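Colleague: One structure is given below, represented as structure tokens, and several questions about it will come after.
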Amino acid sequence: MTVRVMLVSPATSEELREARFGGDGPLDEAGARRARAAAGAVARVDRFLSGPSRRCRETAAELGAAAPPAEVLGELGDWDMGRWRGRRLDEVGVSEPEAVSAWLSDPAAAPHGGESLLALCERVGGWLRSLPDDAGRVLAVVEPAVARAAVVHALSLPAEAFWRLDVAPLTLTELSGRAERWNLRCGRPLGADSG
């Protein structure tokens, strides 16, 4: 049986606009409004999930206003950025240029003390592998890094490809198939044609 995994990136927040590592603030007013407007575009699903960040939970609540609340899964959490959490990339780049360079060039590096890129991709890949063949249609609101890691895993891409993938706020990345054989449809804005 084919599993359809629909990953929705959360709507905008101040932390996103500031390029902060792992910021966990609320949606901004425009983001909440856009998420509410997109609620009717979410197709019927068999399982509705959310990453644990406030941004993901609030987006899921807006999208699923007429549905049961999303189940929050820790394995769908944002990339653990350790001591860089809450800091802006430009700040860290000035104070720790060698560490940022290592982080961007070596998928096994974790100079911040959190997860390496390889660890993130393995964690998210483990979640994809755990989905049973009869999971049906799964909708998960996840941070962009999680959606990117899912694509890297699903398509067996080298970890470095992660840096070449962009996931805009409130867009849909779809994987269909089953463990070890996935197809990708990415970046569709949530709208009337996204069911």
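The values are calculated or read from the model by the stated rules, or taken from the named source; none is laboratory data. Computed from a predicted structure; not experimentally measured. Cβ sites come from the backbone with ideal geometry, for glycine too, and all protein chains shown count toward neighbours. Please note that ligands, DNA and RNA were not included when accessible areas were found on the heavy atoms of the full protein model with its side chains. Shrake-Rupley method; radii C 1.70, N 1.55, O 1.52, S 1.80 Å.
Colleague: Kindly indicate which of 34, 44, 88, 54 is open to solvent by 20 Å² or more (accessible area, probe 1.4 Å), charged (D, E, K, R) and over 30 Å from residue 135 (Cα atoms).
Modeller: 88
Colleague: Could you list all residues from region 130-145 that are in a helix (DSSP H, G or I) and over 25 Å from residue 59 (Cα atoms)?
Modeller: Across region 130-145, there are no qualifying residues.
Colleague: Any chance region 11-18 includes a residue that's out of contact with any helix residue (DSSP H, G or I) (no Cβ under 8 Å at 6 or more places or on another chain), open to solvent by 20 Å² or more (accessible area, probe 1.4 Å), modelled with pLDDT of 90 or more and of a type in the set (Lys, Arg)? Step through it out loud before you land on a result.
Modeller: Filtering region 11-18 down to residues out of contact with any helix residue (DSSP H, G or I) (no Cβ under 8 Å at 6 or more places or on another chain) leaves 14, 17-18.
Narrowing the set further to residues that are open to solvent by 20 Å² or more (accessible area, probe 1.4 Å) leaves 14, 17-18.
If we keep only those that are modelled with pLDDT of 90 or more as well, we get none.
The answer is no; no qualifying residue exists.
Yes or no, residue by residue, for (1) under 30 Å from residue 28 (Cα atoms); (2) open to solvent by 30 Å² or more (accessible area, probe 1.4 Å):
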position	(1), (2)
70	yes, no
77	yes, no
106	no, yes
129	no, yes
137	yes, yes
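Colleague: Scan region 146-161 and give yes if some residue there is part of a loop (DSSP other than H, G, I, E, B), open to solvent by 10 Å² or more (accessible area, probe 1.4 Å) and within 23 Å of residue 14 (Cα to Cα), otherwise no.
Modeller: no
Colleague: On the basis of being assigned to a helix (DSSP H, G or I), of a type in the set (Phe, Trp, Tyr) and touching a helix residue (DSSP H, G or I) at 6+ places or on another chain (Cβ under 7 Å), does residue 103 make the cut? Before you say what the answer is, go through the steps one by one.
Modeller: Details: assigned to a helix (DSSP H, G or I): yes; of a type in the set (Phe, Trp, Tyr): yes; touching a helix residue (DSSP H, G or I) at 6+ places or on another chain (Cβ under 7 Å): no.
When the stated conditions are applied, residue 103 does not pass them.
Colleague: Just one of the numbered conditions (1) open to solvent by 40 Å² or more (accessible area, probe 1.4 Å); (2) over 16 Å from the mean Cα position of the chain (by Cα) is not true of residue 186; which one?
Modeller: (2) is the only condition that residue 186 fails.
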